[in-house]
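Everything below concerns the one structure shown next.
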Amino acid sequence: MSEKPLPPGWVNAKLFNENYARYPTEEILKYAGQYIAWNLDATCILASGKTEEELEEKVRALGLRMDEWVGEYLDPPEITGRL
């Protein structure tokens, strides 16, 4: 039985969290101290910026709407403990 597709702008949180947990830490650490944009299933970092505004500019330049990505600020490892 296949799952029904989600409405535009909705995120499958279970899938997102599973993929996020599997994403390589060394790749995520490259963006420490920055804002990043994930695709909706957390399999790809689409863009990054030092400020929210910079990130949003980069995402708009990619032609994405606000409901087509998930934003996050990544604290440096000394704050998060993620190494």
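The values are calculated or read from the model by the stated rules, or taken from the named source; none is laboratory data. Because the structure is predicted, anything quoted here is derived from the model rather than measured. Cβ coordinates were reconstructed from backbone atoms using ideal geometry, including for glycine residues, and neighbour counts include every protein chain displayed. Quick note on the areas: whole protein, heavy atoms, side chains included, nothing else; ligands and nucleic acids left out. Shrake-Rupley method; radii C 1.70, N 1.55, O 1.52, S 1.80 Å.
What's the total number of residues in the range 61-83 that are within 22 Å of Glu26 (Cα to Cα) and either in contact (Cβ under 8 Å) with a residue 24 or more places away in the chain or not in a loop (DSSP other than H, G, I, E, B) (or both)? Break it down stepwise before answering.
Restricting attention to the range 61-83, the residues satisfying the condition of being within 22 Å of Glu26 (Cα to Cα) are 69-83.
Applying the additional criterion that residues be either in contact (Cβ under 8 Å) with a residue 24 or more places away in the chain or not in a loop (DSSP other than H, G, I, E, B) (or both) yields 69-80, 82-83.
Of the residues in that region, 14 qualify.
Set side by side, the residues Lys58, Lys4 differ, and just one is in a loop (DSSP other than H, G, I, E, B) and either among the charged types (D, E, K, R) or open to solvent by 60 Å² or more (accessible area, probe 1.4 Å) (or both), which is Lys4. Checking each residue in the range 7-27 for being more than 14 Å from Glu72 (Cβ to Cβ) and either in contact with a Lys or Arg (Cβ under 6 Å, 6 or more places away or on another chain) or surrounded by 12 or more Cβ atoms within 10 Å (Cβ to Cβ) (or both) picks out Asn12, Leu15, Glu18.
Quick one: count up the residues across the range 16-55 that are without any contact (Cβ under 8 Å) to a residue 40 or more places away in the chain, in a strand (DSSP E or B) and not β-branched (Val, Ile, Thr). It would help to see each step written out before you state the result.
First pass over the range 16-55, keeping only residues without any contact (Cβ under 8 Å) to a residue 40 or more places away in the chain: 17-24, 26-27, 30, 35-55.
Now restrict to residues that are in a strand (DSSP E or B): 35-38, 45-49.
Checking the rest, the ones that are also not β-branched (Val, Ile, Thr) come to 35, 37-38, 46-49.
Residues in the range 16-55 being without any contact (Cβ under 8 Å) to a residue 40 or more places away in the chain, in a strand (DSSP E or B) and not β-branched (Val, Ile, Thr): 7 in total.
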